[in-house]
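Have a look at the structure below before the remarks.
The values are calculated or read from the model by the stated rules, or taken from the named source; none is laboratory data. These numbers were taken from a predicted model, which means no experiment stands behind them. Quick reminder, even Gly has a Cβ in these numbers, built from the backbone with ideal geometry, and neighbours come from all protein chains shown.
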Amino acid sequence: MNKKIIHTSIATPGTGKTMAAIAAIPGMLGCGKKIIYAAPTLALADQVFKDIRRICSSLEPIIIDSRCEGSAEANLNKMLNPKENANLIICQHATFQRCSTNHLNAWTIIIDELPMPISLRHMTFDPVQLKRLDLIEKIDNQIKIKKNMYEAIKNEVTTFEKSNSPGNNKTDTTLSAAAKDVYKAALNKLPVFADTYYLGDGKTVKKTVIRIIEEYGFFERFHMAQEVHLLSATLRGSLFDWFAKAKGFTYVQSYFAPTATDNNKTVTIYPMLSDKNYCSRGVLDSLDSSSNDGYKVLQSMTNLIDKQLATRESCLMFAYEWGKNAHSSKFRQCKIDSRGLNNFTDTHSAFTAFHGNPNPLAYKSLEYIANKYNRSMSELQTAWKFTYKLEMTLQNVFRTSLRSKTIDEPVKLYVQDNETAYYLKSTYLPNANIDDSLAKTYKEKKKPGPSPHPERERAIIMLQAGMKQAVVARATKLDKMTICKYAKAIRQIKSGENSATTTHTLEQWL
């Protein structure tokens, strides 16, 4: 039997996917099925519990989360054991993806909303801080546990966790939280990489960035379960979809998928960036050159939106942490992960500001993942952007009165760019009008061309410091022809420094 099948229920946010699944639960239990209902947030888990009790008051779901006494993971493992006679459990994604697989073959899993399949983390250590991590070593750019140091690291992590547990006021550990994360990742045999950055002399270490790549355990548990149902507004093209395909999963339609309905509200979508811009943090968080008040671009956008809103009208704002400094008295700042929040349906406007671009460190980690599965890096990068820009925008704009079947007020959505606007129109808002009257050019796109190698800057610094080309090539792992090209460009720049007609920069030469 092929158990690499996911039953999917894909529909517009707010159209009843969750309620359709909940309505099916009593019948499923009556047929002898055991059910785990996994939600992404506490808010959604609580709502599911209330809805189940409202539909069938005789049901007593077991709710397991971080608010329960003891470890949520341990509590879930206990309830999965047939000896406990449990048949309906509500938990969170984070707990489910770590649970034991021993008894999952008896359980049907309902996953509400797309789970995040990976976590990419990084932390920065200066040379002094790095010395504290004396139980690990760097081998071929990857962090490994030193020989015979496994138990010592395990004790360090255990001591840290006991020291930071509720009710323990003692300082029993000198380990930092970042160091603990690195040690724990090494214990769990996760891929851990160390990228070293040097000062201008090319020899003195400035900092070391340690990257941790963690693939969550959803697909291993899906494979072991009796049946899996996924409720989501999106799927194709997402990070979840990329990993599902990489791991050999296929989709069939769930038997409790709701009937599709069109959204007939009057919706206007306003892209805030013109097509001459590239949507990125570099643009959104930069100074607006046209602003006399020294505003950043994101603040200029909120000022434009503010003028469109009526005196007592409010607008939901969804942005990264760095973007929350941009504000207006009419804006209601919301959490980025708003899934499960239904208390904003009295609001008819929303502003989203997500770029969805992996930072250089995340890009390196994504390259490792693409190579691991022998799949396209460009497809993985596109999936990352889909998840962190388009899907995130879709979820958040549907926190407004778009969710409500009874409120018929016109809806205004202020989104980052045309790509996002047309994505919304092509999915669940086909009748929306796209109005580009607020779109401005804040920063022109750079001319297309290949991205520089991540070690280029370091190589140039080393060459400028007088280091031999062969040494630079070995240190950066760049080929000799590339190093020779850099060295030639540096010589040409230097030879023209005394010439008034020389205007080329190093960037132009390269």
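A few notes on this one:
- Within the stretch 197-240, considering residues that are of a type in the set (D, E) and assigned to a strand (DSSP E or B), the one farthest from I110 (Cα to Cα): E214
- The selection criterion, being within 27 Å of K443 (Cβ to Cβ), surrounded by 16 or more Cβ atoms within 10 Å (Cβ to Cβ) and at pLDDT below 95, holds for N277.
- Residues located in the stretch 424-446, provided they are closer than 22 Å to R339 by Cα, surrounded by fewer than 21 Cβ atoms within 10 Å (Cβ to Cβ) and of a type outside the set (G, A, S): K425, T427
- Hits in the stretch 108-134 - residues which are out of contact with any strand residue (DSSP E or B) (no Cβ under 6 Å at 6 or more places or on another chain), aliphatic (A, V, I, L, M) and surrounded by fewer than 17 Cβ atoms within 10 Å (Cβ to Cβ): V128
- Subset of the stretch 319-362 (residues that are farther than 24 Å from P40 by Cα, without any contact (Cβ under 8 Å) to a residue 40 or more places away in the chain and within 19 Å of the chain's Cα centre (by Cα)): N359
- Residue match in the stretch 207-214 (condition: over 19 Å from the mean Cα position of the chain (by Cα) and not polar (S, T, N, Q)): yes
- Residues being farther than 16 Å from L231 by Cβ and either part of a helix (DSSP H, G or I) or without any contact (Cβ under 8 Å) to a residue 12 or more places away in the chain (or both) - total across the stretch 15-45: 7
- Residues of the stretch 395-411 that are surrounded by 21 or more Cβ atoms within 10 Å (Cβ to Cβ) and touching a helix residue (DSSP H, G or I) at 6+ places or on another chain (Cβ under 9 Å): V397, V411.
- Here I336 meets each of (1) buried (at least 18 other Cβ atoms within 10 Å of the Cβ); (2) out of contact with any Lys or Arg (no Cβ under 9 Å at 6 or more places or on another chain); (3) among the β-branched types (V, I, T) with one exception, condition (1).
- Filter result for Q253 (within 30 Å of F219 (Cα to Cα) and surrounded by fewer than 18 Cβ atoms within 10 Å (Cβ to Cβ)): yes
- Considering the conditions (1) farther than 22 Å from Q416 by Cβ; (2) surrounded by fewer than 16 Cβ atoms within 10 Å (Cβ to Cβ); (3) modelled with pLDDT of 90 or more, R236 is excluded by exactly one of them, (1).
- Single residue of Q47, Q97 found to be touching a Phe, Trp or Tyr at 6+ places or on another chain (Cβ under 7 Å) and under 30 Å from L424 (Cβ atoms): Q97
- Qualifying positions in the stretch 79-107 - more than 27 Å from A23 (Cβ to Cβ) and either surrounded by 15 or more Cβ atoms within 10 Å (Cβ to Cβ) or touching a residue at least 40 places away in the same chain (Cβ under 8 Å) (or both): R98, S100, T101
- Just so you know, in the stretch 1-54 the residues that are over 25 Å from R403 (Cβ atoms) and at pLDDT below 90 include one that is surrounded by the most Cβ atoms within 10 Å (Cβ to Cβ), and it is K3.
- Residue satisfying all of: in the stretch 440-468; over 14 Å from T482 (Cβ atoms) and not in a loop (DSSP other than H, G, I, E, B); modelled with the highest pLDDT among these: K440
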